[in-house]
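Please read the structure below before turning to the comments.
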Amino acid sequence: MGPVQHRSATTTEALRRAIQHGQDSMRALARRHGINPKTVARWKKRESTVDRMSRTIKDATVQRYFYDTHNPLKAHLTDFLSAYSFARRLKTFKSLTSFEYLYKFWTREPDRFTLNPILQMPRLNT
């Protein structure tokens, strides 16, 4: 199960990396890869290819709250990522949560996984 792309995505992870590290002009990169120069400009100015998720996490935590120490930030990040993985429905995954999407693939092809996703689900300690 490789990385999942948005249905209308015109670039792959490798292409984004090539754009970000390319030394040619934006027009030359766009012509070489057969994409719009605006797409090249957008990927050139991003710091990394996981920019969207980083921005989502920053907006939900450090840009909204002040933390006196590292421990409250760590707890908040854990809670946020759990809620995001187990509760937020994403269009990319056809309105499934990240966990539901992963579980769907696990039921189809369990030999591709080293761990059972059910064991990763948060629950009460017994």
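Computed from the coordinates by the stated procedures, all read-outs in this text should not be read as laboratory data. Values in this document were obtained by computation on a predicted structure and should not be read as measured data. We place every Cβ from the backbone using ideal geometry, glycine too, and count neighbours over all the protein chains shown.
Worth pointing out:
- For the chain, a Gaussian network of Cα nodes joined below 10 Å ranks SER98, SER54, SER82 by mean-square fluctuation, and the top entry is SER54.
- Helix-derived mean residue ellipticity, 222 nm - over the chain, DSSP H n ≥ 4, -39500 (n - 2.57), to 500: -15000 deg cm²/dmol
- Shown for the chain are no DSSP H helices, since none reaches 15 Å along its axis, judged by Cα atoms, with a mean Kyte-Doolittle hydropathy of at least 0.0.
- Placing R0 at 35 angstrom, the Cβ-Cβ distance between ALA75 and LEU96 gives a FRET efficiency of 0.85 after rounding to 0.05.
- The chain: C-alpha gyration tensor shape, a/c 1.5 cut-off, then a/b vs b/c: oblate
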